[in-house]
Amino acid sequence: MQTSLNEPTTRKPWLTLRRREAIACALFIAPAVIGFVLFWVTPLAVSAYISLTDYALAGTPRFVGLENYQRLFADRLFWQAVRVTLTYALIVVPMWIISSLTLALIMNQKLRGVAAFRTVYYLPAVLSGVATAMLWAWLFNYRSGLLNGLLSSLGLQGPNWLGDKNIALFSIILMSLWTMGWYLPIWLSGLQGIPTELYEAAEMDGANAWQRLFNVTLPMLSPVILYNLVINIIFATQLFTEPMMMTGGGPQFATLSYVLYLYDNAFSYLKMGQATAMAWLLFLFTLALSALVFKLSPLWVYVESERRG
């Protein structure tokens, strides 16, 4: 049979339910995608280009290829900054983890007034880094500082904490120990998430306190240790405020950190291309080191769901 010309034909509507859902989804995620492109992808692309140019904040960037990286690798101060930062990180990262974990183990006990101690130890985390650096600069003052004043009362001659190139960096390392309370809530949440049944079973098997620590607490806490390790590596390689405010990178570049030298190249020497190249090298180094830590994590990190699988 032939269809009549006057008979209305039924067409499938263009705006179907599936398409309406797709449009709604696109509208909802558009702000996040646009923000990511504008404020993350675009700056990364621009900084990658600037690292290949000769740019002094004024004028037009002049493309020089890999010349900025070649100059850095031939720069004595660049390698001094790398050495200072690596020395700081190799000492501070284990020190932060061990000291903050030890403090958390103590604070996790049912002790009188433990809540007040938790607040006191966490307080440095909410203070300004500049204010903290200025406070410690006064404590380390050779002539009128509190530390040398205490040593003088004991009949001892205090060192020039920030003026001696042999101990200036270690003075900053000593200062960094004060901020170990920053990790206290993370450790405590991990410790309180360990099932008490594991400790009860260990006690029934005759395990002492040290055996419970190494066979129960640390394995169950290993994901938190992994997190703190990665975060500490990132923080340690970005040392800036303390040497900037306390020593200016001296004496004799003994506290010239990597980020401080990057800042000097950008805003003191107006070598923005070279500073951006330093930023990319730091990013790639941190990324590679973090990836290595995650790659090796299955060897020592206990994940209960994977064990069950």
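Per the conditions (1) without any contact (Cβ under 8 Å) to a residue 40 or more places away in the chain; (2) open to solvent by 40 Å² or more (accessible area, probe 1.4 Å), the sole criterion not satisfied by Ile194 is (2).
Of all residues in the stretch 262-291, which are open to solvent by less than 10 Å² (accessible area, probe 1.4 Å) and either of a type outside the set (A, V, I, L, M) or under 21 Å from the mean Cα position of the chain (by Cα) (or both)? Give the derivation first.
Restricting attention to the stretch 262-291, the residues satisfying the condition of being open to solvent by less than 10 Å² (accessible area, probe 1.4 Å) are 265-266, 273, 275, 277-278.
Listed by number, the residues that qualify are Asn265, Gly273, Ala275, Ala277, Met278.
Residue count for the stretch 229-239, restricted to those that are in a helix (DSSP H, G or I) and farther than 12 Å from Thr286 by Cβ: 1. Any residue at all in the stretch 165-172 that's in a helix (DSSP H, G or I), surrounded by fewer than 18 Cβ atoms within 10 Å (Cβ to Cβ) and out of contact with any Gly (no Cβ under 6 Å at 6 or more places or on another chain)? Yes; the residues of the stretch 165-172 include at least one that is in a helix (DSSP H, G or I), surrounded by fewer than 18 Cβ atoms within 10 Å (Cβ to Cβ) and out of contact with any Gly (no Cβ under 6 Å at 6 or more places or on another chain).
With respect to the stated conditions, Thr276 is among the polar types (S, T, N, Q), part of a helix (DSSP H, G or I) and either modelled with pLDDT of 95 or more or at positive phi (or both).
None of Ser290, Ser268, Ser222 is of a type in the set (Gly, Ala, Ser), out of contact with any strand residue (DSSP E or B) (no Cβ under 9 Å at 6 or more places or on another chain) and without any contact (Cβ under 8 Å) to a residue 60 or more places away in the chain except Ser268. Looking at this structure, is Glu67 at pLDDT 90 or above and either under 18 Å from Leu270 (Cβ atoms) or of a type outside the set (Phe, Trp, Tyr) (or both)? The answer is yes for Glu67. Within the stretch 137-162, the set of residues being assigned to a loop (DSSP other than H, G, I, E, B) and open to solvent by 40 Å² or more (accessible area, probe 1.4 Å) comprises Asn141, Tyr142, Arg143, Ser144, Leu154, Gly155, Leu156, Gln157, Pro159, Asn160, Trp161.
When the stretch 1-28 is limited to residues that are under 59 Å from the mean Cα position of the chain (by Cα) and among the small types (Gly, Ala, Ser), the one that is modelled with the lowest pLDDT turns out to be Ala22. For first residues located in the stretch 85-110 and under 14 Å from Leu174 (Cα atoms), partners that are exposed (fewer than 15 other Cβ atoms within 10 Å of the Cβ) and lie 6+ apart or on another chain with Cβ distances below 9 Å form the pairs Val92/Leu177; Met95/Leu177; Trp96/Leu177; Ser99/Leu177.
Would you mind stating whether Leu226 is surrounded by 15 or more Cβ atoms within 10 Å (Cβ to Cβ), part of a helix (DSSP H, G or I) and under 26 Å from the mean Cα position of the chain (by Cα)? Walk me through how you get there before you give the answer.
On the way: surrounded by 15 or more Cβ atoms within 10 Å (Cβ to Cβ): yes; part of a helix (DSSP H, G or I): yes; under 26 Å from the mean Cα position of the chain (by Cα): yes.
Considered against the rule, which asks whether it is surrounded by 15 or more Cβ atoms within 10 Å (Cβ to Cβ), part of a helix (DSSP H, G or I) and under 26 Å from the mean Cα position of the chain (by Cα), Leu226 comes out as yes.
Taken over the stretch 240-252, the criterion of being part of a loop (DSSP other than H, G, I, E, B) and either at pLDDT 95 or above or crowded, with 21+ Cβ neighbours inside 10 Å (or both) is satisfied by Phe240, Thr247, Gly249.
Of the residues Ile98, Ile34, the single one that is loosely packed, with under 11 Cβ neighbours inside 10 Å and within 27 Å of the chain's Cα centre (by Cα) is Ile34.
Scan the stretch 112-127 and give yes if some residue there is among the basic types (Lys, Arg), within 25 Å of Glu242 (Cβ to Cβ), more than 22 Å from the chain's Cα centre (by Cα) and open to solvent by 80 Å² or more (accessible area, probe 1.4 Å), otherwise no. Scanning the stretch 112-127, I find no residue that is among the basic types (Lys, Arg), within 25 Å of Glu242 (Cβ to Cβ), more than 22 Å from the chain's Cα centre (by Cα) and open to solvent by 80 Å² or more (accessible area, probe 1.4 Å), so the answer is no.
The values are calculated or read from the model by the stated rules, or taken from the named source; none is laboratory data. Here the structure is a predicted model, which means the values were calculated and not measured. Ideal geometry is used to build each Cβ from the backbone, glycine not excepted, and the neighbour counts take in all protein chains shown. Side chains included, ligands, DNA and RNA excluded: accessible areas come from the protein's heavy atoms. Shrake-Rupley method; radii C 1.70, N 1.55, O 1.52, S 1.80 Å.
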